[in-house]
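The values are calculated or read from the model by the stated rules, or taken from the named source; none is laboratory data. Note that the structure is a prediction, hence the values are computed from the model and not measured. Cβ coordinates were reconstructed from backbone atoms using ideal geometry, including for glycine residues, and neighbour counts include every protein chain displayed. These accessible areas exclude ligands, DNA and RNA; they are computed on the full protein's heavy atoms, side chains included. Shrake-Rupley method; radii C 1.70, N 1.55, O 1.52, S 1.80 Å.
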Amino acid sequence: MPSKPSLILASSSRYRKELLSRLRLPFTAISPDVDETPHPGETPAALALRLSVAKAMAVAVNHPGSIIIGSDQVATINGQPIGKPGDFPRAQAQLRTLSGQIVEFHSALAVTDGLRVEKADIITRCRFRELSDHAIDTYLRAEEPYDTAGSAKAESLGIALMQSIQSDDPTAIIGLPLIELTRMLTTFGLDPLDAPGVMA
């Protein structure tokens, strides 16, 4: 029986590593060297998709025969991208802007074996509650989400900022859509339910 190809996550994100580990497939993580500057006139959705493919292919070049996962997420409000705040004042201003608004998170995903590429953009729509300055400051001091687009970690206390979340995949908002990823991996011969890690 031929051995399964090795799996590589083209990311240094601890959130994506934690998510991928849920599938119990052995993998390694390699940070891709990719310029994330948007192209002129590029939409946020197109940017996320292009970068997810670019990250996967950048790693695939040096790892022939492996299955590579690339992912990128862009948050938008009214079609305009929202970046990672980086510090308290910017996060505070960002959440004031997002209060009562709908934010779209484009969680793009790409899987490649170096020859064939599967890609998808999973959209999550988050409606933020009307947030008081006290609520914003309390949340930011508790969680310090300065490395997160939209200044809210929905996988933890950030869920308390939300009025509603709509998505076909509850893991997409965290940065790696596992439902779509499972479908893609299966087309490359890596079904998580066939993995040794899930055997009784």
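The residue list Leu140, Leu95, Leu185 contains one member that is buried (at least 20 other Cβ atoms within 10 Å of the Cβ), touching a Leu at 6+ places or on another chain (Cβ under 7 Å) and aliphatic (A, V, I, L, M), which is Leu95.
Count of segment 104-120 residues, restricted to those that are under 15 Å from the mean Cα position of the chain (by Cα) and not acidic (Asp, Glu), is 9.
Got at least one residue in segment 5-19 being more than 18 Å from Ile179 (Cα to Cα), free of Cβ contacts under 8 Å to residues at least 60 places away in the same chain, within 17 Å of the chain's Cα centre (by Cα) and not in a helix (DSSP H, G or I)? So far as segment 5-19 goes, yes, one or more of its residues are more than 18 Å from Ile179 (Cα to Cα), free of Cβ contacts under 8 Å to residues at least 60 places away in the same chain, within 17 Å of the chain's Cα centre (by Cα) and not in a helix (DSSP H, G or I). Among the residues making up segment 29-83, those that are among the hydroxyl-bearing types (Ser, Thr, Tyr) and either over 18 Å from Ser6 (Cα atoms) or open to solvent by less than 40 Å² (accessible area, probe 1.4 Å) (or both) are Thr37, Thr43, Ser52, Ser66, Ser71, Thr76. You will find that of His134, His106, the residue that is of a type outside the set (Ser, Thr, Tyr) and surrounded by fewer than 16 Cβ atoms within 10 Å (Cβ to Cβ) is His134 and no other. Figure legend. Inter-residue proximity from segment 24-41: first residues among the polar types (S, T, N, Q), second residues surrounded by 11 or more Cβ atoms within 10 Å (Cβ to Cβ), beta-carbon distance below 8 Å, spacing 6+ or different chains. Indicated pairs: Thr28/Ser6; Thr28/Leu7; Thr28/Ile8; Thr28/Leu9; Ser31/Ala10; Ser31/Ser11; Ser31/Ser12. Residue check: is Glu18 within 26 Å of Asp113 (Cβ to Cβ) and of a type outside the set (Phe, Trp, Tyr)? Taking the combined requirement at face value, the residue satisfies it.
Of the candidates Glu180, Glu155, the single residue that is assigned to a helix (DSSP H, G or I) and closer than 26 Å to Ile68 by Cα is Glu180.
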